[in-house]
Amino acid sequence: MASPHGGARLGTRFGPYELRSLIGVGGMGEVYRAFDTHRERMVAVKLLRPEVAADPNFQERFRRESRVAARLQEPHVIPVHDFGAIDGVLYIDMRLVDGASLKEVLRAEGPLEPGRAASIIAQVGAALDAAHAGGLVHRDIKPENVLLTPDDFAYLVDFGIAHADEDASVTRTGMVIGSCAYMAAERFSGGPVGPPSDVYALTCLLYECLTGRPPFEAGDLRQLMSAHMFAPPPRPSAARRGVSRAFDDVIARGMAKQPAARFPSAGELARAATAAATSSQVAAAADVRPPTDTRQFSAMYPNPAATGYTPYPPPPPPVQRAAPQAAARSRFGRTQVALIAATVVL
């Protein structure tokens, strides 16, 4: 049965593919867990949604994603087995990866530990550097487009709006393409878009990993655009306790308004984030060291009361009684010595 949010082809046969379950639905495509009857293996099949299948613009975007993903030989980009059209319906056959989107992980777990956040950013950064080396700009970096396996291996997905370097982000009709919560200033102004735009978006992603929220949140698109274009980058250390101030510098540079002022590559951003995470760990270790003027209590310390540590109440003073004979005095002396020894031990 089809879901109201997509999956109209669920349970049907599409060429050699048995579409067994719906993995996810995006603005352009539906992704199914499918069985390839020719190669006898489970795969992920992405199909152009019926609602947009007749639109030439969406057709071109889908074809572009197919070509881009197929040519990127990078571990953090899901491998493409095949792509084309069956009965006029465009499709992409990809490796099936079990996991959840970074968006789902953040929703379920909240902010990530700095080291884990830096690791995910480094993996996504590697995929971006590979795309940039091939002259491509992703243009839609966001938590929904990062897939995480159970052991935190990250994949960058959805190259549907990737374009050649220096293409603008605004279409001829004035529509902004991409997710506005992660867009650099030049994306809104219609300026040239290149790798620095992806670096900005990846920095926004780092901020969200550290704090659980995107850098800017606004009631409407105009306010959001204004924040990305004019507001100073927020400080993650102010948004969440335990985040090192070193991350403030990373975010400030990665979200600089001028593209030339940002990190020169996604990899450079990732290395800065890793260094900031390392400084966080060192600072955390330093915080748990005991004060230098603290002396450890020892049972052999000649005066336990001087340590400020009193585990038990002090013993009562000995009762002074007359000793009529020497033997009694000797027994009392032994008792007094025993009490003093017990005090020292305590």
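All but one of (1) surrounded by 21 or more Cβ atoms within 10 Å (Cβ to Cβ); (2) in the same structural domain as Val43 (by TED's automatic domain parsing); (3) in a helix (DSSP H, G or I) hold for Arg63; state the number of the condition that does not hold.
Evaluating Arg63 over (1) surrounded by 21 or more Cβ atoms within 10 Å (Cβ to Cβ); (2) in the same structural domain as Val43 (by TED's automatic domain parsing); (3) in a helix (DSSP H, G or I) leaves (1) as the failure.
Filter the stretch 212-224 down to the residues that are basic (Lys, Arg) and either outside the structural domain of Arg187 (by TED's automatic domain parsing) or at pLDDT 95 or above (or both) and list them by number.
Arg213
Out of all the residues in the stretch 114-149, which are out of contact with any helix residue (DSSP H, G or I) (no Cβ under 7 Å at 6 or more places or on another chain) and of a type in the set (Asp, Glu)?
Within the stretch 114-149, just Asp140 meets the criteria.
Here's a check for you: in the stretch 117-149, which residue that is assigned to a strand (DSSP E or B) and at pLDDT below 95 is nearest to Ala277 (Cα to Cα)?
Val137
Give just the number: which of (1) among the small types (Gly, Ala, Ser); (2) at negative phi; (3) not in a strand (DSSP E or B) does Ser21 not satisfy?
So the condition that Ser21 fails would be (3).
Can you find even one residue in the stretch 5-16 that is at pLDDT 95 or above and among the hydrophobic types (A, V, I, L, M, F, W, C)?
Yes, the stretch 5-16 contains at least one residue that is at pLDDT 95 or above and among the hydrophobic types (A, V, I, L, M, F, W, C).
Select, from Cys204, Cys209, the only residue that is closer than 15 Å to Arg262 by Cα, at pLDDT 95 or above and either in the same structural domain as Ser265 (by TED's automatic domain parsing) or crowded, with 23+ Cβ neighbours inside 10 Å (or both).
The conditions single out Cys204.
Is there any pair linking a residue in the stretch 181-200 that is surrounded by fewer than 24 Cβ atoms within 10 Å (Cβ to Cβ) to one that is part of a loop (DSSP other than H, G, I, E, B) and among the β-branched types (Val, Ile, Thr), with Cβ under 7 Å and at least six apart or on different chains, and which?
Close Cβ pairs (under 7 Å, with a partner that is part of a loop (DSSP other than H, G, I, E, B) and among the β-branched types (Val, Ile, Thr)) amount to Glu186/Val193.
Which of (1) without any contact (Cβ under 8 Å) to a residue 40 or more places away in the chain; (2) assigned to a helix (DSSP H, G or I) is the odd one out, the single condition Ala270 does not satisfy?
(1)
The values are calculated or read from the model by the stated rules, or taken from the named source; none is laboratory data. Small disclaimer: the values here were computed from a predicted structure and weren't measured. With ideal geometry, Cβ positions are generated from the backbone for all residues, glycine too; neighbour counts draw on all protein chains shown.
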